[in-house]
Every structure is written in structure tokens, then in C-alpha cells.
Amino acid sequence: MANMSLADAYEILESPSDFTKQEVKNAKEKVADASKTVQASKGALMKKKKDDKVTVVSIGVGTMKKSDAKKMAKAQMADGGMAYGKKHMYSAGGSVTMNPGLKALKKASPEAFNKITSG
């Protein structure tokens with residue numbers, strides 16, 4: 001029975017008088033055993049189980065108010081102003097200010113200030 005294929009077992013059961021009693025018995029066992037198995041991918045046989053769990057993925061579609069959707073939206077960048085010839089954007093608002101050290105440098109040496117801030 002171990003070497004018998006399912007096709008061989010069906011062939012034996014079609015004409016049992018041509019085979020021995022043991023071969024017929026083995027064929028019946030093979031067919032009965034085959035009914036307990038499930039054909040899996042690539043020809044593999046797997047035993048059936050009553051409590052098999054299967055992974056399920058579901059995608060839900062629904063509606064919501066525009067105001068609620070805007071609250072969930074990603075924060076937009078806000079205009080922070082112009083500084084050093086460039087536009088600055090900030091996610092939480094705010095504004096660009098020149099730090100006191102650069103203000104002092106601009107007064108003392110405009111040439112050095114221009115080298116630092118030009119880009």
C-alpha cells in the first residue's frame with residue numbers, strides 16, 4: 001500500500017477479481033485514506049483538519065465628514081517668510097529671524113556677512 005498510487009488503487013477496485021484479496025484491501029484503504037486528504041498546491045497532499053485556521057485580509061470602505069478627514073490629514077507646511085534671499089517654510093508656522101550674532105557681523109563686516117549668507 002505504501003508504494004501504491006491513488007490511480008493504481010482505483011484501477012484495482014475497478015476489477016477486483018484480477019487481483020489478490022490483500023491488494024484489493026490495500027486499494028480500499030488507499031482510497032479511504034485519500035478521502036481524508038486535500039490536494040494542495042504543486043501536487044502535495046495534506047490531511048484535512050476540522051479546526052484549520054485561515055488568514056483573512058479584509059479592506060473596508062466607508063465615508064466620513066470632510067471636517068473629520070481634514071483633521072486626519074498630514075500637517076501642511078506654512079510660510080515662514082523670506083530670509084537671506086530664500087523662502088522658508090515651517091510645519092508649525094513661525095517666522096525667520098536673523099540671530100543677534102549675524103546682525104552684529106553685518107554691521108562690522110558686510111563682506112563676511114554676504115559670504116556666509118549667500119548660498
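The values are calculated or read from the model by the stated rules, or taken from the named source; none is laboratory data. Remember, it's a predicted structure, so these values are computed and weren't measured experimentally. Here Cβ is always computed from backbone atoms with ideal geometry, including for glycine, and neighbour counts include all displayed protein chains. Quick note on the areas: whole protein, heavy atoms, side chains included, nothing else; ligands and nucleic acids left out. Shrake-Rupley method; radii C 1.70, N 1.55, O 1.52, S 1.80 Å.
So the values come out like this:
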read-out: Cβ pairs under 9 Å, 6+ apart, first in the range 96-116 and without any contact (Cβ under 8 Å) to a residue 12 or more places away in the chain, second surrounded by fewer than 10 Cβ atoms within 10 Å (Cβ to Cβ); value: 113/107
read-out: Given (1) β-branched (Val, Ile, Thr); (2) open to solvent by 70 Å² or more (accessible area, probe 1.4 Å); (3) at pLDDT 75 or above, index of the condition residue 56 fails; value: (3)
read-out: Residue match in the range 99-114 (condition: at pLDDT 70 or above, part of a helix (DSSP H, G or I), in contact with a helix residue (DSSP H, G or I) (Cβ under 6 Å, 6 or more places away or on another chain) and basic (Lys, Arg)); value: yes
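For every residue, the table says whether it meets (1) at pLDDT below 70; (2) open to solvent by less than 100 Å² (accessible area, probe 1.4 Å).
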residue: 10; (1), (2): no, no
residue: 17; (1), (2): no, no
residue: 20; (1), (2): no, yes
residue: 26; (1), (2): no, yes
residue: 35; (1), (2): yes, yes
residue: 41; (1), (2): yes, yes
residue: 46; (1), (2): yes, no
residue: 51; (1), (2): yes, no
